[in-house]
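The values are calculated or read from the model by the stated rules, or taken from the named source; none is laboratory data. Everything numeric here is computed off the predicted structure, so don't read it as measured data. Glycine also receives a Cβ, built like all others from the backbone with ideal geometry; neighbour counts cover every protein chain displayed.
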Amino acid sequence: MATSRGSSPLQAYVLHQHDWSETSLIVELFTRGQGRVVVAAKGAKRPTSNFRAVLLPFQPLLVALGKAPADDAAEIYNLRSAEFAGGRPLLAAAAMFPAFYANELLLKLLARQDPHPALFDAYADTLAALATGAEEAPALRAFELVLLRELGWLPELDTDTLTAEPLQDDGLYTLRADAGLLAQPEGLPGATWRALELALDVAAEMAQAHPGAGGGMAALREACTPVAPALRGPLRSLLHYHLGPLPLRTREVWRGLQRLAAPR
């Protein structure tokens, strides 16, 4: 569906959608220019609607929105047009759960109308990596690190939060949701945390220098690869600290499927 005239197209991904009426949908979009926005896709459920084939998760879109809502509390735009931006392979079945997990994090942690272009680029690059067979764990740990830093919840990973002193390469440190990065005997070496901090800095610099190009996510995934299992617990704890008491539905579904698939 061609982008409407007089409206600058927005790069976007579908995060979630639900029925609004017999013929229409309410769609949560993650856009590069406006952050997370909610739109009404009128007539999207009709067999003849061009929206039916376009409003799919994990596919890059170009969308045009109607005027801003007259009632600021409503926060719902009319979706004027949407078309595929192209250039990305479809996700295989095995990559669906990590991708839905990333979507759920964005839905629950991002405020509406709060743009994060670097995070948008990191999300797009993560989907592309999953689609081409990248390992799930390093891809998700890299995405979680960028998400936490973008939202201001990740401490400096080259500094002891308690003492404000640089990490010792052979010291052991743990990331705690309530206290930051602290010396702990069961933690990761300081050299590992410093390497992750450097990879995050490089990714941020590349994102600023080359917008839309992925921002060095491949290097960050590489830095996460040898320590992805050890990072899972601290990063998930930090995320849940800000998510609150409600569990992530994607993880609950995934654990249920694993239990069903386990040999009895």
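Identify all residues within region 10-64 that are outside any strand (DSSP E or B) and at positive phi; write none if there are none.
Correct list: GLY43, PHE58.
Condition check ((1) in a loop (DSSP other than H, G, I, E, B); (2) of a type in the set (Asp, Glu); (3) in the same structural domain as ARG36 (by TED's automatic domain parsing)) across all residues:
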site: ASN78; (1), (2), (3): no, no, yes
site: LEU105; (1), (2), (3): no, no, no
site: LYS108; (1), (2), (3): no, no, no
site: TRP153; (1), (2), (3): yes, no, no
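Might you let me know whether region 212-221 holds any residue that is at pLDDT below 95, more than 27 Å from THR31 (Cα to Cα) and loosely packed, with under 15 Cβ neighbours inside 10 Å?
no
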